[in-house]
Structure formats: C-alpha cells, structure tokens
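Below: the structure, in structure tokens.
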Amino acid sequence: MFNLSFVQMNFFIALLLLFVGAFGSLLMRKNDALANWWSGVATIFAACFGLVVAISVLFFGMTANFSTNSTLPLLTFSLKIDPLSAFFIFIISLITILASVYGIDYVKHYYGKYSIGTLGFFYNLFIAGMLLVVSANNALFFLIAWEIMSCASYFLVIFENKEIDNVRAGSLYFIMTHIGTAFIMLAFLLLYSVSGSFDFTIIKENIATISPLMKDAVFLLMLIGFGTKAGIIPLHIWLPRAHPAAPSHVSALMSGVMIKTGIYMFIRIFIDILPGIPLWWGELVLLIGAISALAGVLYALTEHDIKRLLAYHSIENIGIILLGVGSSLIFLALNLKELAILALAAALFHTLNHAIFKSLLFMGAGSVISKMHTRNMEEYGGIIKYMPQTAFFFLIGSLAISAFPPFNGFFSEWMTYQSLFSGIANLNSSAQWIFILATGSLAFTGGLAAACFVKAFGAIFLARSRNKKVEKIKESGVMSRIGMGVLAIFTLILGVFAYPVSKTILNIVSSLTVFDAKNIESNSIIQAKMESVSMPVIFLSIACVLILVFISIYALTKKRKVQTGCTWDCGTELTPRMEITATGFSRSIVVIFRGILRPTKQNTIEYRDADMRYFAKKNLVRLEIEDFWGTCIYYPAQNLVARMSNRVKLLQSGNINAYILYIFLTLLLLLLFLVI
C-alpha cells in the first residue's frame, strides 16, 4: 500500500480519470452524443486535478516523487514533479480544460460520420501521455509515455480518415516522430553508458564523468530528436500537414501544448542535467531559433489554408522560444547567470503565452471551418456579420500573436528582446554577431506576423462573402464560445498582469540547481529590466486614448444626419471578384523574399477556338511556393532509401537454400567474433 502525498494523490486521480474517460468513450462508441460528453467531462475533471497539482507545487512549495520497480530490468515507474514540471502540467491542464469545453460543441459536426468514441479514447490517452512525459524521471518510462503521446496523436491526426490527405499527413507525422524517437533513444543509451542508470536523478549525479565528445553527441542527438517534435526548421515538414488534419480542439492541444514537450526536454536535459555547457551549444540553438522564427512567418504569409497558416506560426513561435533558450545557454556558458535566468524566463513566459493565443486562434478557425466545411480562406469573407463573437475572439488572438500591447504576446517578446540586447551589450565575441542576427530576425518576425494576421482576419471576416454558404452559417455554439472567451480573457490578464506572472516564472527558473539563485529580489539586473515597462500603465493609456477617441467622434457626429445609400460602383455591379484575395495581399511580400520562398507562377489559358488565339475563354494563374526543404533534403533521402530497399529486396529470393546459406554465414561470423 503506497503512502501518497497530496500532490501524488491528485496527479494519480487525474491519470485515473483520463484512463476512465478513454475506455469509457470506447465502450460508448455506438452513442456519439454520450461518448462526446463522457470524454469531455472526464478530461475537464482530470485537468482540474492537474491544475491542483501544478498550483500546489508552484505556489505552496510542495513536491512529488514517486518510484516503483517493474518486472522488467532497468524500467522504473519513476515520477518527479518539481516547479519546472509543474509549470508544464499547468499549461497542459489549462488548455485541456478549455479545449475540452470547446470540443463538446465542435465535435457535434462529426456525429454520424466518424466514431466519436474512438476520438474520445485517443484524446484522453493523448492528454495522459503529455502529463506523464513532463513528469517522468526515468528514461525508459519517459519513452513509454512519449510513445503513448505520439501514437495517440497520430490516430487523432488521421481521425478524418476518409480524406486521403489526412492519412498521408498522419503517415508523415508517424515517420518523423519515430525518427526523432530513435535519436532520443540513442542519446539515452549514451547517458546510460556513463551513469549505469536510466534514472534522471542518478544520471545528473554521475554526469560529471562524461567526456566532452560524448556530451556533444548527446546534445546533437537530443537536439534532433526533440527538435523534430518541436517543429524546428528543417525538421518541421510534418507540422504544417499534421496539425491542420486533426480536429481543431486537438490542433489547439498539439500546437499549443504538445510541441512544447520538446522545449521542456531541451531545458531539462541541456540546462538541468548536463553541466558545463559549451558556448557553441547556445550559438547553434540561437541560430536555429532565428531561422525558424523568420522562415515560419514567411511560409505562413504564403498560405491560404487557415490551419496551415496557424501551423507555420507555431514554427515561428517555437523559434522565438528558442531565442530565449539559446540566449540562456550562451549566458550560462559565459557564467552570466543573471542574464541566463532572464532569457530562460522569457522563453517560458512565451511558452505559456503561445499556448493561450494559439489555442484561441485554432478554436476560432475551427468554428469557421465547421460551418464552411473548407479551410481555404479565399472562399470566406464577410463572416463577421454572421459570427461576430467568433470574429471578436479571433481578433483578440490575432492581436496577441502579433505582440500588440496590452495583450500577453507583447511582454514575453519584450523580455526576449531584453535578453538579446543584453547579449549584444555584454559580449565581445562571435556570439555577439549571432545576437545581432537574432534581434533582426525577431524584429522582422514581429512585423511580418502582424501583416499575416491582417491578411487572415480580413480575408476571413471582412468585406463581401465569396461563397454562398457564408450567408447560411450561424454563430458557434455556447460551449465553443465559452472556451474561446476564457482564452481571450487570459490573453488580456497575462498581458496586464505580466509582471507578477513573470516573477513566478523567474522563481521557477531559479529553482533549477544550475542557477543557485535563491533570492530573485536581490538580482538588480533582472529587476531593472523587468521594471522598465509597466503593462498596467500601457493598458490604462490605451484605454484612455480609445475612450477619448470615442467621445470625440460622438461629439462631432451626434448632430449629423446619416443617410444610407448604394456605394458608387462606376456603373458596374460590385462583386467579390473585386476584393483583394489573401494570396494577392501577401504577394508583394513574397516577391521581396523570393530568394528564400522561391515562388513559381504557372499560366493555363483555354481559348474559345483553336484558330482564334486572341480571345481567351479562361485564364488560370497558379501561384505556388517551392517546397525547398523537401526538394533539397527529404525527397533525395526518400529516393535513396527506396533505391537501397530495392537492392536489399534482392536478398529475399524465395530460395530456401539461399536462406540456409545466410544463416550459416551469420553463425560463422559470430564464431569468428567470439574467437577474436
């Protein structure tokens, strides 16, 4: 009989509710409505217990350690919930509650088409897997949790399996995530060879004996393995395909939460477990972050698929988070621990903020998609008239992700700027130039993100409708609006009260043993940078300006008579064909960055008569972006594997004598190896 602490008990109750929700949904799969509610309620209650766990650790100083041996050698069911784990449990639980509330309404449009019970089964397992990933304290147990999370999310990606593109996206995701897992397994085996254990605590205690070469190998293997899950460039190719394929509340969890498990392990391994960080580690992570941020937003600008656009923005924001992580690694290598704390706090704060506003945006997009049954923004337009509340929530999310004050995205990006400026001011080496490049990348990213969401919001909600379906749609359901509304409120709360939130995050960072910073209040550098901007003052200033503008407009126009009439149309009827499209809006930016994006243009002209080549019946212009990473890396690798596979197939001749010869040669080689 286990003697469980308060934190342990609540954590296990959360897991139990998720497994009950999973198998209960499966048993109720013949009743879509019942399975939907069972799954949603189970995940909401489980996530509430997860919040209790996180709050107990973060604000009341509780911790949780649990370990029990298994019948399998080297495998221990070991859990450890410290402040860093609790922070990610908080994010997972918070987004799970709101995504599940939203999903109760959203899932209804699948009734009678797909198995809701199956969806609920994998949805609950997916959340349980994420909770176990960020709390596992044994490498083998971690890999089991990692597989639960990855496999459950794969089945969620291919949930709409009648669409062949979704199945292909799921297959690509499955392949990429298991390639990443292979690198992670190899890294853990190297750590085991040094420490003699898979337990993270024992590895940390014995890691001082690791050679610099092996430490670098572990770093590169972990960077590839967890970077694949995080979606860093060039390991990102699965993300813009898989996230749009999943149901929208699942996309919110995958994009807002799941990819952050890679960030969690970056911090856990690179900062908490491995000592003596070389300078080039941080430089490489910072450079990858800068490239991912800029390339992600550029690819997003080219998209007219709303969910692919949001998926590319996840790559962008992972890049911004890595700017903070990379800066922290560089400062640690140079023993500038105060600046390292600030940089890592900026990364964690943006991790939280991105989870909030990206989930809000995916839910807003999902509400529109469930009504329009298409992800193509070019077929939307004028939706604000029919879904005003959804439009308002999407606008809040757009402002937050574009880092407009007083919303939450502004403060975490401002903290990231402070970290980068500190690197420029305090370093006199090659790292200084990388900080300069990273700062420029972040500045470009911010401007392009704003332009991208002007395009997205305008094409979806403003102007005239481009599709007759728009005039028949209705506002999202009550549960969906509650989920989006609470997230919209959080974007404002985390922005206005960013300072106390950032103080909590600084305490989380300081709890890591590498920093040994017991008293953040005494840290003059951090205090000065944190207090240099006041979000409540910014909020009140913006509110006062808006109120004054409203009063001025009202005072100047209250006596005017308003007449409503038709817009002058130059003698022609106004049609949606006259509106600027999402593609046309971003075309000029695509042309500016054509060296990176490599746009292509294809004209297809259909003539009325073969002999009359001056009068076209139809002229189709197709604009596309070349898949640079696929063309240069993945397609050649795929072709190489295919050719090698064809060669290896020759060994499978079907001749029993040949197989006996293979066995004989294998035994002979083994004997020679043993003799030598």
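The values are calculated or read from the model by the stated rules, or taken from the named source; none is laboratory data. The model shown is predicted, which means the values in this text are computed figures rather than measured ones. Because the Cβ atoms are built from the backbone with ideal geometry, glycine has one as well, and the counts that use them run over all protein chains shown.
Of the residues F19, F12, F45, only one is within 20 Å of A152 (Cβ to Cβ) and without any contact (Cβ under 8 Å) to a residue 12 or more places away in the chain; which?
Unique residue meeting the criteria: F12.
Looking at V501, V509, can you tell me which residue is over 19 Å from S359 (Cβ atoms), within 28 Å of the chain's Cα centre (by Cα), assigned to a helix (DSSP H, G or I) and at pLDDT 90 or above?
V509
Under the condition of being charged (D, E, K, R) and not in a helix (DSSP H, G or I), which residue from region 295-319 is farthest from V590 (Cα to Cα)?
D305
Looking at T96, T63, T71, which is the one that is of a type in the set (S, T, Y), outside the structural domain of M484 (by TED's automatic domain parsing), over 27 Å from F270 (Cα atoms) and surrounded by fewer than 23 Cβ atoms within 10 Å (Cβ to Cβ)?
Going through T96, T63, T71 in turn, just one is of a type in the set (S, T, Y), outside the structural domain of M484 (by TED's automatic domain parsing), over 27 Å from F270 (Cα atoms) and surrounded by fewer than 23 Cβ atoms within 10 Å (Cβ to Cβ): T71.
Could you tell me whether region 305-317 includes any residue that is polar (S, T, N, Q) and under 18 Å from I232 (Cβ atoms)?
yes
Under 6 Å by Cβ, and 6 or more places apart or on different chains, what pairs join a residue from region 24-35 that is farther than 8 Å from I116 by Cβ with one that is surrounded by 20 or more Cβ atoms within 10 Å (Cβ to Cβ) and among the acidic types (D, E)?
none
Of everything in region 353-376, what is surrounded by fewer than 24 Cβ atoms within 10 Å (Cβ to Cβ), on the phi < 0 side of the Ramachandran plot and not hydroxyl-bearing (S, T, Y)? Give them in sequence order.
Hits for region 353-376 are I369, K371, M372, R375, N376.
Check off (1) in contact (Cβ under 8 Å) with a residue 60 or more places away in the chain; (2) outside any helix (DSSP H, G or I); (3) more than 30 Å from E475 (Cα to Cα) for G112 and give me the number that stays unchecked.
With (1) in contact (Cβ under 8 Å) with a residue 60 or more places away in the chain; (2) outside any helix (DSSP H, G or I); (3) more than 30 Å from E475 (Cα to Cα) applied to G112, the lone miss is (3).
Of the residues F45, F87, which single one is under 24 Å from I259 (Cβ atoms) and out of contact with any Phe, Trp or Tyr (no Cβ under 7 Å at 6 or more places or on another chain)?
One residue alone meets the criteria, F87.
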